[in-house]
Amino acid sequence: MPLSRSDPMLPQCWTVRSISKETPNTFTLALESTGGGDTAFQPGQFSMLWVFGVGELPISISGDPGNAGSLTYTVRSVGHATHALVSRRPGDAVGVRGPFGVGWPVEGAKGRDILLVAGGIGLAPLRPVIYHVQRHIDWYGKLIVLYGARSPRDVLFRRELTAWARHPGTQVLSTVDYGGVGWRGRAGVVTSLFKFLRLRPTQTTAMVCGPEIMMRFVSRELLARGLAAEDLYLSIERNMKCAVGFCGHCQWGPHFICKDGPVFPYRRIAQLLDRYEL
Ligand SMILES: Cc1cc2nc3c(=O)[nH]c(=O)nc-3n(C[C@H](O)[C@H](O)[C@H](O)COP(=O)(O)OP(=O)(O)OC[C@H]3O[C@@H](n4cnc5c(N)ncnc54)[C@H](O)[C@@H]3O)c2cc1C
């Protein structure tokens, strides 16, 4: 069968417009399409990014869903493919497939408070929710962002965190695991921020993204505070290949993370989440 432009397996050629350093190992890339590629996406969706000659990897879209013209990704260099991706320069080509997957429930959460809890690079897939909610703040109640990074030098989107906090109806609290000498901010894991939280559990939809161990503890804490399991959403990561549910690489129990997720309601995955190393 010939490959068409709408074939989800066929990468389209995009160009790096800009690349900026967020932390010593994390970079944000803005890509623009060379062939009229679509920039529409739902907050929480991801693309498959192809570094030609190196490999293809799933990366969440971290930019503003209201900003047509480019697609933005924030990438932490952890291995071969991510290192090659963050080493691209403006003008370089990158292959893009997608966007794929089920995103955050921003439509279903209208009229409710939004609580975002992020750990490390987990703030990247939640950033489009912040842009969306702040743009449409009259559609929602309060926006609360709790963010934990490993150390001060690992804090992502530093200037934006301050700008978001100034926005009406928004509270942003951040912490680092280890502050070190001279650190004047908060220190402790992200759940240590819960003591500052005035949660209205029946009116809140929570969206959580970070290391799985962090998501387990955050879920436990939120449920103990009266949040209903159906109002809690988590984004799950597993290695994946095709991104459209053909290859089974990312199968997790009965779910394919690429097409049934990566965002799942806690209620659907609670049992799997309790089984380590699945
Ligand atoms: C839906 C989805 C969205 C993602 N969004 C982002 C994003 O926005 N930004 C970002 O930096 N990364 C994101 N990732 C993770 C990213 O895809 C991996 O870090 C990347 O594939 C690693 O490739 P590599 O060749 O650089 O490293 P490898 O050499 O393959 O691995 C290096 C190290 O990272 C670990 N690793 C590899 N893949 C993953 C993974 N999926 N989850 C956890 N650990 C992994 C390996 O076990 C190893 O320890 C996402 C993953 C998924 C599934």
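The values are calculated or read from the model by the stated rules, or taken from the named source; none is laboratory data. Because the structure is predicted, anything quoted here is derived from the model rather than measured. Glycine gets a Cβ as well: all are built from the backbone with ideal geometry, and neighbour counts include every protein chain shown. Each accessible area value is taken on the protein alone, full model and side chains, heavy atoms only, with ligands, DNA and RNA left out. Shrake-Rupley method; radii C 1.70, N 1.55, O 1.52, S 1.80 Å.
Looking at Cys247, Cys242, can you tell me which residue is part of a loop (DSSP other than H, G, I, E, B) and in contact (Cβ under 8 Å) with a residue 40 or more places away in the chain?
Result: Cys242 is the single residue among Cys247, Cys242 that is part of a loop (DSSP other than H, G, I, E, B) and in contact (Cβ under 8 Å) with a residue 40 or more places away in the chain.
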Query raised in the report: Would you pick out the residues in the range 34-50 that are open to solvent by 10 Å² or more (accessible area, probe 1.4 Å) and in a loop (DSSP other than H, G, I, E, B)?
Result: Thr34, Gly35, Gly36, Gly37, Asp38, Thr39, Ala40, Phe41, Gln42, Gln45
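Report, by residue number, each residue of the range 21-32 that is in a strand (DSSP E or B) and either touching a residue at least 60 places away in the same chain (Cβ under 8 Å) or within 13 Å of the ligand (Cβ to nearest atom) (or both). Let's see the steps before the verdict.
Taking the range 21-32 as the starting set, the residues that turn out to be in a strand (DSSP E or B) are 21-23, 26-32.
Within the range 21-32, Glu22, Thr23, Thr26, Phe27, Thr28, Leu29, Leu31 meet the criteria.
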Query raised in the report: Within the range 7-20, how many residues turn out to be open to solvent by less than 60 Å² (accessible area, probe 1.4 Å), aliphatic (A, V, I, L, M) and either assigned to a loop (DSSP other than H, G, I, E, B) or within 14 Å of the ligand (Cβ to nearest atom) (or both)?
Result: 2
Query - Residues located in the range 222-258, provided they are open to solvent by 40 Å² or more (accessible area, probe 1.4 Å) and under 16 Å from the mean Cα position of the chain (by Cα) - result: Tyr233, Glu237, Arg238, Asn239
Requested in this report: Output the number of the condition that Gly63 fails; it satisfies all remaining conditions of (1) open to solvent by less than 30 Å² (accessible area, probe 1.4 Å); (2) over 12 Å from the mean Cα position of the chain (by Cα); (3) more than 9 Å from the ligand (Cβ to nearest atom).
Outcome: (2)
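With the structure loaded, tell me whether Phe217 is open to solvent by 70 Å² or more (accessible area, probe 1.4 Å), in a loop (DSSP other than H, G, I, E, B) and of a type in the set (Phe, Trp, Tyr) or whether it fails that test.
No.
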Report summary line: Of the conditions (1) under 21 Å from the mean Cα position of the chain (by Cα); (2) closer than 22 Å to Phe264 by Cβ, the single one that Glu22 does not satisfy is (2)
Report summary line: Note on Leu156: of the conditions (1) within 12 Å of the ligand (Cβ to nearest atom); (2) touching a strand residue (DSSP E or B) at 6+ places or on another chain (Cβ under 6 Å); (3) open to solvent by 10 Å² or more (accessible area, probe 1.4 Å), unmet is (3)
Query raised in the report: Under 8 Å by Cβ, and 6 or more places apart or on different chains, what pairs join a residue from the range 166-195 that is in contact (Cβ under 8 Å) with a residue 60 or more places away in the chain with one that is open to solvent by less than 40 Å² (accessible area, probe 1.4 Å) and assigned to a loop (DSSP other than H, G, I, E, B)?
Result: Val190/Gly210
Query raised in the report: Inside the range 70-111, can you point out the residues that are in contact (Cβ under 8 Å) with a residue 40 or more places away in the chain, open to solvent by 50 Å² or more (accessible area, probe 1.4 Å), more than 7 Å from the ligand (Cβ to nearest atom) and not hydrophobic (A, V, I, L, M, F, W, C)?
Result: Arg88, Arg89, Pro90, Gly91, Asp92, Gly108
Query raised in the report: What is the one condition in (1) in contact with an Asp or Glu (Cβ under 6 Å, 6 or more places away or on another chain); (2) on the phi > 0 side of the Ramachandran plot that Gly180 does not satisfy?
Result: (1)
